[in-house]
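See below for the structure under consideration.
The values are calculated or read from the model by the stated rules, or taken from the named source; none is laboratory data. Quantities reported herein were computed from a predicted structural model and do not represent experimental measurements. Neighbour counts run over all protein chains shown; Cβ positions are idealised from the backbone, glycine included.
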Amino acid sequence: MNTQQQLRTAMHTLSSAFAPHDCRILAARNGSFSFTIVNHAGIAQHSQRLYPGQYGDESLQQVIRRARQTLRA
């Protein structure tokens, strides 16, 4: 899978991983992007930038786990 396909897959995975929160993908460029998790009131709860090395299944799952821990705290 090339980087562009990995990027799209990562964005889709993140968008669906944080329901009922909204995951907004921002500033996608040069192979990296930012995502922000927003609650039902529109308040940002977590924001992070991802780089190509973080798109793999294992790395992406670690990012999701850490973000979920942040949301629970």
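Looking at segment 22-39 only, could you name the residues that are modelled with pLDDT of 90 or more and not aromatic (Phe, Trp, Tyr)?
Initially, segment 22-39 is screened for residues modelled with pLDDT of 90 or more, giving 22-25, 33-39.
If the condition is that a residue be modelled with pLDDT of 90 or more and not aromatic (Phe, Trp, Tyr), then 22, 23, 24, 25, 34, 36, 37, 38, 39 are the ones that fit.
In segment 1-35, how many are charged (D, E, K, R) and either under 19 Å from residue 71 (Cβ atoms) or touching a Lys or Arg at 6+ places or on another chain (Cβ under 8 Å) (or both)? Don't jump to the end; show me each part of the working.
Residues of segment 1-35 that are charged (D, E, K, R), as a first pass: 8, 22, 24, 29.
Filter again for either under 19 Å from residue 71 (Cβ atoms) or touching a Lys or Arg at 6+ places or on another chain (Cβ under 8 Å) (or both), leaving 22, 24.
Qualifying residue count, segment 1-35: 2.
When you check residue 46 against the structure, is it farther than 17 Å from residue 6 by Cβ and touching a helix residue (DSSP H, G or I) at 6+ places or on another chain (Cβ under 8 Å), yes or no?
Values: farther than 17 Å from residue 6 by Cβ: yes; touching a helix residue (DSSP H, G or I) at 6+ places or on another chain (Cβ under 8 Å): yes.
Against the criterion (farther than 17 Å from residue 6 by Cβ and touching a helix residue (DSSP H, G or I) at 6+ places or on another chain (Cβ under 8 Å)), residue 46 qualifies.
Only residues in segment 18-40 that are more than 17 Å from residue 6 (Cα to Cα) count as the first member; pair them with residues that are charged (D, E, K, R) and in a strand (DSSP E or B), Cβ under 9 angstrom, at least 6 apart or cross-chain, and list the lot.
From segment 18-40, the pairs are 36/22; 36/24; 37/22; 37/24; 38/22; 38/24; 39/22; 40/22.
Checking the condition surrounded by 16 or more Cβ atoms within 10 Å (Cβ to Cβ) and hydroxyl-bearing (Ser, Thr, Tyr), which residue from 3, 13 passes?
Numbers: 3 fails: surrounded by 16 or more Cβ atoms within 10 Å (Cβ to Cβ).
Criteria check complete, one pass: 13.
Can you name the number of the only condition in (1) surrounded by 12 or more Cβ atoms within 10 Å (Cβ to Cβ); (2) within 16 Å of residue 12 (Cα to Cα) that residue 51 fails?
Against the list (1) surrounded by 12 or more Cβ atoms within 10 Å (Cβ to Cβ); (2) within 16 Å of residue 12 (Cα to Cα), residue 51 comes up short only on (1).
Quick one: residue 69 ticks every box in (1) surrounded by fewer than 14 Cβ atoms within 10 Å (Cβ to Cβ); (2) in a strand (DSSP E or B); (3) among the polar types (S, T, N, Q) except a single one, so which number is it?
So the condition that residue 69 fails would be (2).
Which fully enclosed strands (runs of 3 or more DSSP E) of segment 16-60 have 1 or more residues being among the charged types (D, E, K, R) and in contact with a Ser or Thr (Cβ under 7 Å, 6 or more places away or on another chain)? Write out each step before concluding.
Working: elements: 22-29, 32-38, 44-50.
Strands (runs of 3 or more DSSP E) meeting the threshold: 22-29, 44-50.
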